[in-house]
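**Q** Once you've had a glance at the structure underneath, I'll fire off some questions.
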Amino acid sequence: MSLPRLLALAELKPQDMADELQARYEVVREIGLAADVEVVLTAGNVGLSGAQMAQLPGLRLIAVNGVGVDAVDLAEARRRGIAVTTTPDVLSLAVAELALGLALATGRKIAEGDRFVRAGHWAAKGKLALGSSVLARRAGILGYGRIGRKLADLLRGMGMQVLYTARREVPGALDGYRADARALARDCDLLFVTVAGGAETRGLVDADVLAALGPAGILVNVARGPVVDAEALAQALQAGSIAGAGLDVFDDEPQVPQSLMQAPGCVLTPHIGSATTDARRAMAQQVLDNIAAHFAGRPLLTPYEV
């Protein structure tokens, strides 16, 4: 009996999860050879365009390994009745951890201090310049979804006051609500960006928001690169209009603008928010479970409302 065929545009990790996919299905890697497939496995930063969907007349499921769907043509999926699944919840802690780590690395000059020691400057030049406390600050979370709320739990547990912005105020939330990004930035010292990507949030953190954050403020982005105006951010860092930034995501990954590479007080990581063994294994299992449910005619475990 032949195995069901699917198109894989992304890899599952760790390797044993990729091996499991290979054992269960005939995995096709090239879209030109996949006209008859019902399922596409992709990732949040890879997505699936309308033009690609047009090459797949039998497509019934887009299984996204991640929570980002801004690179998926949701309107076309909706028009054709194609289901979309993501991997919510299981990566929230990993991304929240990294957001906190970036804040600490930026405020306390951890990455800069590492470079300072390795370059021999400690012995030659003496002490590194003073950093600033992170946990004594008031935090703002731009995007109060699963990741944002998990981050809020971590921050609150360390005694921080937390504010948030979402499309609407969340009933019963333990944190203070602000109606928009500028008001949130004005009232916090540490601005975490965890909002969903896409056209609605492109450039949401612009020069005005950065100005509201102020010269003592730190920005951390673990959402999507285009949510933050990269040039406005680079200019604010160069001018000292904000104190620093921790960035895990960029507009044109893996390309990073030189203006950010050269900006002072900027800590950069290569989109590793969910890159822990535990998180990636749980994500891969959700992908496998959703694909298995589709082929078995069972309800999908984590459907995304398209």
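**Q** With angles folded into 0 to 90 degrees, how steeply does helix 15-24 sit against the dominant principal axis of the chain? Use alpha carbons for both and round to 10.
**A** Approximately 20 degrees, to the nearest 10.
**Q** Compute the long axis of helix 146-157 from its Cα atoms, compare it with the longest principal axis of the Cα atoms of the chain, and write down the angle in degrees, 0 to 90, nearest 10.
**A** Between helix and principal axis, roughly 40 degrees.
**Q** Roughly how far apart, in whole Å, are the Cα centres of the stretch 197-264 and the stretch 86-131?
**A** Value for the Cα centre distance between the two parts: 17 Å.
**Q** Under a Cβ-Cβ cut-off of 9 Å, what is the net charge of the residues other than PRO257 that fall near it, where Lys and Arg count +1 and Asp and Glu count -1? Spell out each step's value before the answer.
**A** Values: positive: none; negative: GLU231, ASP251, ASP252.
In short, -3.
**Q** Over the chain, what is the relative contact order in percent, taking alpha-carbon pairs closer than 8 angstrom and at least six residues apart? Don't jump to the answer; show the numbers that get you there.
**A** Working: 603 pairs, mean separation 55.5, N = 306.
Answer for the chain is 18 percent.
**Q** Largest first, please: the extent of the C-alpha atoms of the chain along each principal axis, to the nearest Å.
**A** Taking max minus min along each principal axis of the Cα atoms, the chain gives 70, 48, 34 Å.
**Q** Summing -39500 (n - 2.57) over the DSSP H runs of n ≥ 4 in the chain and dividing by its residue number, what mean residue ellipticity at 222 nm do you reach, to the nearest 500 deg cm²/dmol? Working shown, then result.
**A** Numbers: 12 runs with 112 residues, N = 306.
Value at 222 nm, helices only: -10500 deg cm²/dmol.
**Q** If you don't mind, another one. For the stretch 92-268, what is the charge dipole size about the Cα centre, in debye to the nearest 20, if Lys and Arg each add +1 at the Cβ and Asp and Glu each add -1 at the Cβ? Mind dumping the intermediate values first?
**A** On the way: 19 positive and 18 negative charges, 121 e Å.
Its charge dipole is roughly 580 debye.
**Q** Also: Pull up all non-local amide H partners of LEU48: gap of 5 or more, or a different chain, and H-to-H distance under 5 Å with H placed in the peptide plane.
**A** Hits under the 5 Å cutoff: VAL72, ASP73.
**Q** Follow-up. Taking neighbour counts of Cβ atoms within 10 Å as a proxy for exposure, in what order, fewest first, do LYS109, LYS13 appear? Could you put the intermediate results ahead of the total?
**A** Working: LYS109 20, LYS13 17.
The order, fewest Cβ neighbours first, is LYS13, LYS109.
**Q** Now, a different point. By how many degrees, 0 to 90 and rounded to 10, does the Cα axis of helix 277-296 deviate from the longest principal axis of the chain?
**A** Helix 277-296 sits at roughly 30 degrees to that axis.
**Q** Mean projection of the alpha-carbon convex hull of the stretch 8-85 over all orientations, in nm²? Show your work: numbers first, answer last.
**A** Details: hull surface 19.2 nm².
Computing the convex hull of the Cα atoms and averaging its projections yields 4.8 nm².
**Q** Compute the semi-axes of the equivalent ellipsoid of the stretch 92-268, taking the square root of 5 times each eigenvalue of the Cα gyration tensor, and list them largest first in whole Å.
**A** 26, 18, 14
**Q** Evaluate E = 1/(1 + (r/R0)^6) for ALA136 and ASP16, where r is the Cβ-Cβ distance and R0 equals 45 Å; express this FRET efficiency to the nearest 0.05.
**A** 0.55
**Q** Run down the lysines and flag those whose C-alpha is under 20 Å from the C-alpha of LYS127, throwing out any fewer than 8 positions away in its chain.
**A** Counting by Cα, and skipping residues close in sequence, LYS127 has these lysines nearby: LYS109.
Every number in this text was worked out from the coordinates using simple rules, so none of it is lab data. The model shown is predicted, which means the values in this text are computed figures rather than measured ones. Counting neighbours? That spans all protein chains shown, and the Cβs are built from the backbone with ideal geometry, glycine included.
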